[in-house]
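The values are calculated or read from the model by the stated rules, or taken from the named source; none is laboratory data. Here the structure is a predicted model, which is why all the values come from computation and not from measurement. Every residue, glycine among them, receives a Cβ derived from its backbone with ideal geometry; neighbour counts consider all protein chains shown. Ligands, DNA and RNA are excluded from the accessible area calculation, which covers all protein heavy atoms including side chains. Shrake-Rupley method; radii C 1.70, N 1.55, O 1.52, S 1.80 Å.
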Amino acid sequence: MEYTTLNNGLKMPTVGLGVFTFSPEDAEQAVEVALHSGYRLIDTANAYVNERGTGRGIKNSGINREDVFVSSKLWPSEYENENAVGETLERLGLESIDLLFLHQPAGNWRAGYKLLEEAYKDGKVKAIGISNFEGKYLDELLEICEVIPQVMQVECHPYFPQAESRQITEPKDIKIMSWYPLGHGDKNLVNEPVFAKLAEKYHKTPAQIILHWHVQMGFIVIPGSRNPEHIRENIDIFDFVLTDDEMAEIAKLDKNERYYHRSEKELAQYATWKPEYEAAAN
């Protein structure tokens, strides 16, 4: 496993398992497989309603808690809940969390960020993240925040490498954490000829080449899979290095096109939706 150093000195694994769309049971099983396969980063969220399952997977793995980097995200309807951080920790079964994000720039996200800053000062949160805060939202947050975020989680892949956002994040050493890293099921990205060529050269799959590209770009990447074989493949990406020419060839794929297009109307809806959390075990 390779690690990156965040702007507050905290070390974070560069590859992790994301459990978006997983049921609690699937999250529990996938997390345990991932940790036994060498993963040390697990990413979940309030909105995934699988934090309890994720916590069970971490516990069942037998891996020491201090060796597992755990990140989750507060949903906008929790931003004014003064107990939101503690309730997230309770669902995960943890006393502190390594990285906690605001999931969307919706609702009273300024109050939500204050919650994170207070939890950071209290030691309940070791790093602060923002998710989907691009453009004007990123600009405003950086104007008002007391603690500069350590990580920004956004859609990122060779078709959309976040060139505009990186002009802001890189000078402040805010790390990019990529979601939809392989194109969100769109086979066009994985089937690009450059990845087939590099896969043959390095004896990897095209997906492994793309995941390695993320890491070599300085991104943190969290591919999700329920398949144990794919989970193991997704972390087997550290035994080769792409040349400068190869990275330049991949850079030509940049279309500045994203898969996920969020509207202001959707942001307003996010602020009112409340996740129905998995019940605690008796």
request  = Calculate for the chain the 222 nm mean residue ellipticity that helices alone would give, adding -39,500 (n - 2.57) per DSSP H run of length 4 or more and normalising by residue count, nearest 500 deg cm²/dmol.
outcome  = -11500 deg cm²/dmol
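Evaluate the charge dipole of the chain about its Cα centre and quote only its size in Debye, nearest 20, assuming +1 on the Cβ of each Lys and Arg and -1 on the Cβ of each Asp and Glu. The partial results should precede the final answer.
Numbers: 29 positive and 45 negative charges, 30 e Å.
The dipole of the chain has a size of about 140 debye.
Determine the sum of side-chain charges near TYR159: Lys and Arg each +1, Asp and Glu each -1, restricted to other residues whose C-beta is under 10 angstrom from that of TYR159. Could the numbers behind the result be given before it?
Working: positive: LYS255, ARG258; negative: GLU155, ASP186, GLU192, ASP254, GLU257.
Result for the local shell: -3.
How large is the convex hull of the Cα atoms of the range 96-148 per residue, expressed in Å³ as a whole number? Each step should come with its number before you reach the end.
On the way: hull volume 3.5 nm³, N = 53.
Each residue corresponds to 65 Å³ of Cα convex hull volume.
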ask   = So how strong a dipole does the range 117-238 carry about its Cα centre when Lys and Arg Cβ are +1 and Asp and Glu Cβ are -1, to the nearest 20 debye?
value = 520 debye
message = Per 0.36 nm of contour for each residue apart, how much would the distance between ASP26 and LYS114 grow if the chain were fully extended, relative to their Cα-Cα spacing?
response = 28.4 nm
note = If unit charges are put on Cβ atoms (+1 for Lys and Arg, -1 for Asp and Glu) and the dipole of the range 106-173 is taken about its Cα centre, the option from ALA163, GLY107, GLY123 lying farthest towards the positive end turns out to be GLY123
message = Cut-off 10 angstrom, C-alpha nodes, Gaussian network model of the chain. Which of GLU66, GLU118, GLU170 fluctuates the most?
response = GLU66
key: Cα-Cα pairs of the range 86-227 separated by more than 25 Å (percent)   = 37 percent
ask   = Accessible area per residue of the range 1-128 at 1.4 Å probe, in Å²?
value = 37 Å²
Amide proton proximity set for MET177, modelled H, under 5 Å, gap of 5+ = MET152, GLN153, VAL154, ILE220
query = With springs only between Cα atoms under 10 Å, which of ALA84, ALA34, ALA268 fluctuates most in a Gaussian network model of the chain?
reply = ALA268
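Among rounded, prolate and oblate, which fits the range 194-282 when a ≥ b ≥ c are the square roots of the eigenvalues of its C-alpha gyration tensor, a/c under 1.5 means rounded, and a/b larger than b/c means prolate? Spell out each step's value before the answer.
Values: a/c = 3.35, a/b = 1.58, b/c = 2.13.
Verdict is oblate for the range 194-282.
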inquiry  = Need one word for the range 32-134: rounded, prolate or oblate. Basis is the Cα gyration tensor (sqrt eigenvalues a ≥ b ≥ c); a/c below 1.5 gives rounded, then a/b vs b/c decides.
reply    = prolate
query = So what are the ³J(HN,Hα) numbers for the range 260-272, from phi and the Karplus equation (6.51, -1.76, 1.60; θ = phi - 60°), rounded to whole Hz, Gly and Pro as x?
reply = 9, 10, 9, 9, 5, 4, 5, 4, 5, 5, 4, 5, 9
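Size of the dipole of the range 178-269 about the Cα centre, Lys and Arg at +1 and Asp and Glu at -1 on the beta carbon, nothing else charged, in debye to 20? Numbers along the way, then the final one.
On the way: 11 positive and 15 negative charges, 64 e Å.
Dipole magnitude for the range 178-269 comes out near 300 debye.
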task = Please determine, in degrees from 0 to 90 and to the nearest 10, the orientation of helix 193-202 with respect to the longest principal axis defined by the Cα atoms of the chain, where the helix direction is its Cα long axis.
result = 80 degrees
message = If R₀ is 45 angstrom, what is the calculated FRET efficiency for the pair ARG65 and SER263, using the beta carbon separation as r and rounding to 0.05?
response = 0.70
query = Relative to the longest principal Cα axis of the chain, at what angle does helix 206-216 sit, 0 to 90 degrees, rounded to 10?
reply = 60 degrees
inquiry  = Need the list of lysines near LYS136 for cross-linking: C-alpha distance under 22 angstrom, and skip anything on the same chain fewer than eight residues off.
reply    = LYS73, LYS114, LYS172, LYS175, LYS255, LYS265
note = Karplus ³J(HN,Hα) for the range 238-255 (6.51 cos²θ - 1.76 cosθ + 1.60, θ = phi - 60°; Hz, whole; x = Gly/Pro) runs 9, 9, 7, 9, 6, 6, 4, 5, 5, 5, 5, 5, 5, 4, 5, 7, 4, 9
inquiry  = Let me cross-check GLU278: its accessible surface, 1.4 Å probe, with only protein heavy atoms counted, in Å² to the nearest 10?
reply    = 40 Å²
key: Proximal charge balance of GLY218 [Cβ under 15 Å; K/R count +1, D/E count -1]   = 0
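Taking all protein chains in place and a 1.4 Å probe, what share, in percent, of the accessible surface of the range 1-143 do carbon and sulfur account for? Before the final figure, lay out each step's value.
Working: 2320 of 5280 Å².
Percent of accessible area from carbon and sulfur atoms in the range 1-143: 44.
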key: Answer label for Cα Rg over 2.2 N^0.38 Å (calculated), chosen among (1) 1.27; (2) 0.96; (3) 1.43   = (2)
task = Report the full-extension gain for the segment GLU87 to LYS172: residue separation times 0.36 nm, less the Cα-Cα distance, to one decimal in nm.
result = 27.6 nm
